[in-house]
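Input: a single structure, listed below in structure tokens.
The values are calculated or read from the model by the stated rules, or taken from the named source; none is laboratory data. What you are looking at is a predicted structure, and each value in this text was computed from that prediction instead of being measured. Neighbour counts are summed over all protein chains in view; Cβ atoms, including those assigned to glycine, are modelled from backbone coordinates with ideal geometry. These area figures cover heavy atoms from the full protein model, side chains too; ligands, DNA and RNA do not enter into them. Shrake-Rupley method; radii C 1.70, N 1.55, O 1.52, S 1.80 Å.
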Amino acid sequence: MVKANGYGHGMEWVAQTVASEVDGFGVARLAEAEFLRQCLPGARIVLMGSILTPAQYQWCAEHGIETVVHDEAVARRLATLKASKPLNVWLKRNVGMNRLGMAADEFRRAHHALAASQSIGKLIHMSHFSDADDPDPAETRQQIARLQTASAELGTYPLSMANSAGIIAHPDSHGAWLRPGIMLYGDDPTQTLSGDNALRAVMTLKSRIIAIRTVAAGEGIGYNRRYRATQTRRIATVGAGYGDGYPRHAPDGTPLLINGQRVPLAGRVSMDLLTVDISELDRVDLGDEVTLWGDGLPAAEVGQHCGTISYELFTRLTARVSRYYL
Ligand SMILES: *Cc1c(COP(=O)(O)O)cnc(C)c1O
């Protein structure tokens, strides 16, 4: 899954980097499919949930973009699509999320309409889990069974169910196609992988200390002086803020990494700057590197402090952040 600009990592770089390891790419928007097709002329590309115009479906067929169909009426329309090449369709069953996908009877009718059509090439049966990261496997087991049952009564078709959490926690959901997203970027949504199986962060977001000062007891730091020093503190100002994608609502105490040691955020994050309490650090200097998340400080942990997840931190990185691809 390389949607949302490769989860903020740069779609083209991610796609080129893993191209020889994967069988295809998943995107969420037609514009993403168009861009990726230019980067990788021969790759298998699947466009996840969308409703397109007939001309856009035709474009997909002709450019080898496979599309997810999650609605019976759309399936019926596609069965009469006029295109010079057949369109491969991933037919989506709703198994519990109630966001996209068809109920059992709709799924069956949509399948028959598409299977009988000359316009349609390969058919893949898919679903998407709502609860695969839940330590209790009961709901996901039912969701696996819902797709398996719906598919089996129509014949033998390739299945695709598993997102990262499904891949890690539910081997019986694997089927023909896996759809790893966040795990590709080094976050384990189940927080169960360890040792040799532990994932490594792909993105490390770094800045530098650009000012250091001593703040006396009673003084405040940053806008509205949200953080108030109760004793003398050493405060470092870092050249990163919400204008770079660091969450403005990060509370005091959110960890950052300086010289391998965790230090707490102190004061409100502003657009270009944030402030950390470095009173406990032994050695620290102007220009020292600060890790906001990544190597040594999982984005998931930063996300936990900020009431969000690594997915959102990654995808909200802004354009002004310089990217260095190693
Ligand atoms: C984004 C997406 C995935 C990947 O999910 P992760 O939790 O990031 O692994 C899988 N399937 C679909 C349909 C998606 O939209």
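Values for this structure:
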{"quantity": "Accessible-area composition of the chain, carbon plus sulfur, in percent [1.4 Å probe]", "calculated": "49"}
{"quantity": "Cβ-defined net charge surrounding Asn197, 15 Å radius [Lys, Arg +1; Asp, Glu -1]", "calculated": "-2"}
{"quantity": "Stretch in the chain that is longest and holds no trypsin sites (Lys or Arg not before Pro) that DSSP places in a loop and that have at most 16 other beta carbons within 10 Å", "calculated": "100-199"}
{"quantity": "Within the chain: Cβ-based charge dipole about Cα centre, in debye rounded to nearest 20 (Lys, Arg +1; Asp, Glu -1)", "calculated": "880"}
{"quantity": "Heavy-atom accessible area ranking, 1.4 Å probe, most first, across Asp172, Asp282, Asp288", "calculated": "Asp282, Asp172, Asp288"}
{"quantity": "Local electrostatic count at Ser119 - Lys and Arg +1, Asp and Glu -1, tallied over other residues with Cβ under 15 Å", "calculated": "+3"}
{"quantity": "The stretch 268-326 - charge dipole about Cα centre, Lys and Arg +1 at Cβ, Asp and Glu -1, debye rounded to 20", "calculated": "400"}
{"quantity": "Reference-scaled alpha-carbon Rg (2.2 N^0.38 Å with N residues) for the stretch 184-326", "calculated": "1.05"}
{"quantity": "Debye intensity ratio I(q)/I(0), log10, the stretch 39-181, q values 0.18 Å⁻¹ (C-alpha model)", "calculated": "-0.99"}
{"quantity": "Relative contact order computed over the stretch 225-326 (Cα-Cα under 8 Å; 6+ residues apart), in percent", "calculated": "29"}
{"quantity": "Pairwise Lys count, the chain - Cα closer than 28 Å, eight or more residues apart or different chains", "calculated": "9"}
{"quantity": "Average accessible surface area per residue within the stretch 193-319, 1.4 Å rolling probe, Å²", "calculated": "52"}
{"quantity": "Farthest toward positive dipole pole in the chain [+1 Lys/Arg, -1 Asp/Glu at C-beta], among Ala55, Gln261, Gly181", "calculated": "Ala55"}
{"quantity": "Quotient of C-alpha Rg and 2.2 N^0.38 Å, computed over the stretch 164-262", "calculated": "1.57"}
{"quantity": "Cα-based equivalent ellipsoid, the chain: semi-axes from gyration tensor eigenvalues, Å", "calculated": "46, 21, 16"}
